[in-house]
Amino acid sequence: MLTPDQLTAIDRHLRKENWLLNEELIDELTDHYAAGITDRLAAGVPFDVALREIHTGFGGRKGLLKMEEDSHIQNARRINTMEWKLIHSFMQGSRWPLSVSLFIGVYMLNTFMGLEETIKSGLGIGLLYASFSVLFALIRGVVFFYQNRREVSHAVMLPGSPVYIIAYGLSMALLLLNKYLFLNYDTMLSGQMVTLLESILETLCLLYYVAIVLTIKNVFGKNRSHRLRKAA
């Protein structure tokens with residue numbers, strides 16, 4: 001067992017000398033350092049020498065910072081996966097009645113309450129952000145598909161919701177075609193159809209943001225549990 005001073009030295013080594021900030025990574029590395037140093041101390045190696053040996057084994061400061069960078073990337077991917085799993089649950093999972101209810105509510109506000117422009121303005125930036133997210137998901141799926149020798153079974157494992165992406169993409173495409181192409185051929189969509197498509201997009205946008213809020217809640221909940229376990 002290491003002494004409190006030795007554990008403090010490891011913590012200072014990781015934070016101050018190697019500039020690490022990720023708490024989960026620091027906890028994990030502390031365990032590795034402690035185990036490795038304990039074994040070396042038992043073999044008669046001085047603490048400072050054992051610390052340097054383990055540090056070198058991880059590739060020094062450069063190696064530790066690379067580990068932290070990789071950890072951030074993995075965390076971002078995990079959060080993205082969590083978001084899309086929640087979106088999937090709203091489209092094809094247990095939460096789909098909420099999605100239907102939300103769509104009916106948005107459609108009624110647009111059609112019968114005369115709030116179409118208000119809702120559209122309020123969700124303007126949100127729709128843009130959701131559109132980029134859907135586009136990114138499509139591009140990522142295509143790239144992953146070709147990188148894995150066009151194996152569909154692997155491509156469908158990517159986090160996402162096909163129903164959500166197809167509904168969003170199709171609705172947006174029809175609205176853009178109606179605005180920039182159909183006008184030239186006198187085949188514009190009816191006002192009711194435009195309202196329907198806009199309501200679909202607005203509902204999907206709201207679902208996307210609900211998924212983000214739930215994801216943030218889950219992430220903070222896990223971090224809080226991790227801190228409580230650490231304090232205990």
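If you go through the range 28-47 and pick out every residue that is over 40 Å from the mean Cα position of the chain (by Cα) and surrounded by fewer than 14 Cβ atoms within 10 Å (Cβ to Cβ), you end up with 4.
Scanning the range 7-18 for residues that are touching a residue at least 24 places away in the same chain (Cβ under 8 Å) and open to solvent by 40 Å² or more (accessible area, probe 1.4 Å) gives Leu7, Glu17.
Taking each residue of the range 161-183 that is on the phi < 0 side of the Ramachandran plot and open to solvent by less than 40 Å² (accessible area, probe 1.4 Å) and looking for partners that are acidic (Asp, Glu) and in a loop (DSSP other than H, G, I, E, B) with beta-carbon atoms closer than 8 Å, six or more apart or interchain, yields nothing. Only one of the numbered conditions (1) over 20 Å from Ile165 (Cα atoms); (2) open to solvent by 50 Å² or more (accessible area, probe 1.4 Å) is violated by Pro97, and that is (1).
Restricting attention to the range 103-157 and to residues that are modelled with pLDDT of 80 or more and β-branched (Val, Ile, Thr), the residue that is most open to solvent (accessible area, probe 1.4 Å) turns out to be Ile125.
Would you call Leu21 farther than 28 Å from Ser161 by Cα, at pLDDT below 95 and open to solvent by 80 Å² or more (accessible area, probe 1.4 Å)? Criteria met by Leu21.
The values are calculated or read from the model by the stated rules, or taken from the named source; none is laboratory data. Please read all numbers here as calculations on a predicted model, not as lab measurements. Ideal geometry is used to build each Cβ from the backbone, glycine not excepted, and the neighbour counts take in all protein chains shown. Remember, those area values only see protein heavy atoms, side chains included, never the ligands or the DNA or RNA. Shrake-Rupley method; radii C 1.70, N 1.55, O 1.52, S 1.80 Å.
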